[in-house]
Amino acid sequence: MVVCTLCSCYPWEVLGLPPVWYKSSPYRSRAVIDPRGVLADFGVTLPEETEIRVWDSTAETRFIVVPMRPAGTQDWSEERLATLVTRNAMIGTGLALTPGEIAVTAAT
Amino acid sequence: MNGVHDMGGMHGFGKVAPEADEPVFHAPWEGRVLAMNRAMGSLGLWNIDIGRFSRETLPPDVYLGSSYYRKWTLGLENLVVRYGLVGEDELAAGRALHPAAPVKRRLTAADAPKLLSRGSFERPAAAPARFTVGDRVRMKNMHPVGHTRLPRYIRGHVGVIECVRGCHVFPDAVVAGRGEEPHWLYTVVFDGRELWGEGSDPTLKVSVEAWEPYLDPA
């Protein structure tokens, strides 16, 4: 999970301007002490044993998360995999979409 | 400075509230403020660190009670007054009352795309790095009244150097008026328990980017 506790540093050049929640006091204060609670606010629950790593962007270094490859995508091309990647997955407050979710999105 | 902007680990701000289908700007003035900040920054009178410090030194109640772009507005107001570009009387009047101050550079439409690309903050090193990957370091327990990028929640704590990032412009020095004073920059990673104590999440690791003057060997 990527945060900037001191201001709102964010990889603008890659992800565009940050959403309001990223710049908000709740996110900036809680990400480093209660990342699982933050994930819960996004409806994400990880197994208890999953290690959580938080990156506080205190310098001009910028970070993005490379999302985990969802199950059932082993034979997918890079281009097709990219359709599963969301902004929040690259901030670390969400997982990549699953093939099932993308199918639903495409149908609606 | 130990300001309210240094929020890591604070309680009481409530839940994170993601907004569905969020627009890039919630009102046209937000985009104008962003553009004004970029345009005024291009004069070369201050850098990103001085801009940040201008927002950090807003009164705590104003900082906490203002949206992101309102903070950018107020921070820019502080800067243009401090650098003699705009008078307090002009801000109050909402219009120019004096001849414009001369500026060395002025942003033109042709230059605008350059503003959107990010410069590098890495500089040649004057000395070899003091630490290497795997070294244990203790973050200094210091409380400067000026600008610093050493958050309170890691001060005094022991972490491990995970990456050496090169030699980078030192924000504390820039804002103090000492120039860029480049120092080695490291990724330092901490166990959650080291920061937040017994009973905190045993799987948590938190890292910061820290300049060498923030570090002592541990």
If a residue must be without any contact (Cβ under 8 Å) to a residue 24 or more places away in the chain and more than 8 Å from chain A (Cβ to nearest Cβ), how many such residues does the stretch B:193-218 contain? 5
Within the stretch B:13-38, can you find the residues that are at the interface with another protein chain (Cβ under 8 Å from one of its Cβ atoms) and closer than 27 Å to B:VAL145 by Cα? B:PHE13
From (1) loosely packed, with under 15 Cβ neighbours inside 10 Å; (2) touching a helix residue (DSSP H, G or I) at 6+ places or on another chain (Cβ under 9 Å); (3) within 12 Å of chain A (Cβ to nearest Cβ), pick out the condition that doesn't hold for B:ARG178. (3)
Hand me the list of helices (runs of 4 or more DSSP H) wholly inside the stretch B:8-94 holding 1 or more residues that are under 22 Å from the mean Cα position of the chain (by Cα). B:28-41, B:48-56, B:60-65, B:68-82
Sort out which residues of the stretch B:52-69 are touching a residue at least 60 places away in the same chain (Cβ under 8 Å) and among the aromatic types (Phe, Trp, Tyr), and write them in order of number. B:PHE53, B:TYR63
Please find, among B:THR187, B:THR132, the residue that is more than 24 Å from B:THR57 (Cα to Cα) and touching a Ser or Thr at 6+ places or on another chain (Cβ under 7 Å). B:THR187
Which members of the stretch B:103-139 meet the condition of being within 14 Å of chain A (Cβ to nearest Cβ), among the basic types (Lys, Arg) and in contact (Cβ under 8 Å) with a residue 12 or more places away in the chain? B:ARG123
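Given A:GLY72, A:GLY92, A:GLY100, which one is small (Gly, Ala, Ser) and in contact with a strand residue (DSSP E or B) (Cβ under 9 Å, 6 or more places away or on another chain)?
Being small (Gly, Ala, Ser) and in contact with a strand residue (DSSP E or B) (Cβ under 9 Å, 6 or more places away or on another chain) holds for just one of A:GLY72, A:GLY92, A:GLY100, which is A:GLY92.
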Looking only at the stretch B:39-72, which residues are of a type in the set (S, T, N, Q) and within 14 Å of chain A (Cβ to nearest Cβ)? B:ASN47, B:SER54, B:THR57, B:SER66, B:SER67
If we take chain A, then helices (runs of 4 or more DSSP H) inside it with 3 or more residues that are free of Cβ contacts under 8 Å to residues at least 40 places away in the same chain and either surrounded by 14 or more Cβ atoms within 10 Å (Cβ to Cβ) or at the interface with chain B (Cβ under 8 Å from one of its Cβ atoms) (or both) are A:20-23, A:25-30, A:35-41, A:99-107
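The numbers here are math on the coordinates, done by the rules we state, and not lab data. Just so it is clear, the structure is predicted and the values come from calculations on it, not from any experiment. Cβ sites come from the backbone with ideal geometry, for glycine too, and all protein chains shown count toward neighbours.
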